Amino acid sequence: MFRWCRDRGLFDRPGRALTFGAGFLREAEELADLGWAVDAVETAPSLEKRPALYEAFAKRYRCRVVTDLESARGPPYRIVTATHVLEFVEDPDERLALLRSLAARLTTKGHLLLSLRGWSDVRAARQKRPRGDGVVTGLGTWTRGYSTDEALSLIESAGLATDDSPTGPRSRSPEQVQLVCRRA
């Protein structure tokens, strides 16, 4: 999705960006390379596993690494990314609150780039036990998948709307749901 957005000019005019669930910093580093000021949010255990990676990123000009959303510079961000994060938040109310919090950090014309696992990916796990609105995999990880319609309902509940999507027309069980969102 990141390349899809870049090809459409979404990153042409640098500003402030937030990468939530920064992982290996791929999106954060690419945005920084394009001139963006980037706050990368990742959990403390992830930082402890790869300290050199995060320390090097934090030394870049106008880049920070923080362990919680409240420590991010705060509104407004023109780009917020949430890549494969929400589907691991088991409580539906927490999931919605988190998405609302990300949406609240957007500028008026900002975009939230949201990537969620699709149901076909979740159902492909060899071992899974249903729990709540998701499953616990053989690794003991709770996760849930999304159809395009479920994802659209979630973002609408969070006060967001879609601008565009590389996902395709309303797939019921995609491998991933990818949406470019804005404030409704």
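Take L102 and tell me if it is surrounded by 15 or more Cβ atoms within 10 Å (Cβ to Cβ), in contact with a helix residue (DSSP H, G or I) (Cβ under 8 Å, 6 or more places away or on another chain) and modelled with pLDDT under 90.
Judged against the criteria, L102 is not a match.
Is at least one residue of the range 47-67 touching a residue at least 60 places away in the same chain (Cβ under 8 Å), in contact with a Leu (Cβ under 9 Å, 6 or more places away or on another chain) and not in a helix (DSSP H, G or I)? Checked against the condition, which is being touching a residue at least 60 places away in the same chain (Cβ under 8 Å), in contact with a Leu (Cβ under 9 Å, 6 or more places away or on another chain) and not in a helix (DSSP H, G or I), the range 47-67 yields no hits at all. Against the list (1) touching a Ser or Thr at 6+ places or on another chain (Cβ under 8 Å); (2) small (G, A, S); (3) on the phi < 0 side of the Ramachandran plot, the condition G21 fails is (3). Taken together, the residues in the range 16-34 that are within 18 Å of K59 (Cα to Cα) and part of a loop (DSSP other than H, G, I, E, B) amount to 5. Confirm whether E70 is of a type in the set (D, E, K, R), under 17 Å from A22 (Cα atoms) and either free of Cβ contacts under 8 Å to residues at least 24 places away in the same chain or loosely packed, with under 15 Cβ neighbours inside 10 Å (or both). Considered against the rule, which asks whether it is of a type in the set (D, E, K, R), under 17 Å from A22 (Cα atoms) and either free of Cβ contacts under 8 Å to residues at least 24 places away in the same chain or loosely packed, with under 15 Cβ neighbours inside 10 Å (or both), E70 comes out as yes.
For the range 24-45, the tally of residues that are at pLDDT below 95, of a type outside the set (A, V, I, L, M) and surrounded by fewer than 16 Cβ atoms within 10 Å (Cβ to Cβ) stands at 4.
The values are calculated or read from the model by the stated rules, or taken from the named source; none is laboratory data. These numbers were taken from a predicted model, which means no experiment stands behind them. Virtual Cβ from ideal backbone geometry, glycine too; neighbours counted across all protein chains shown.
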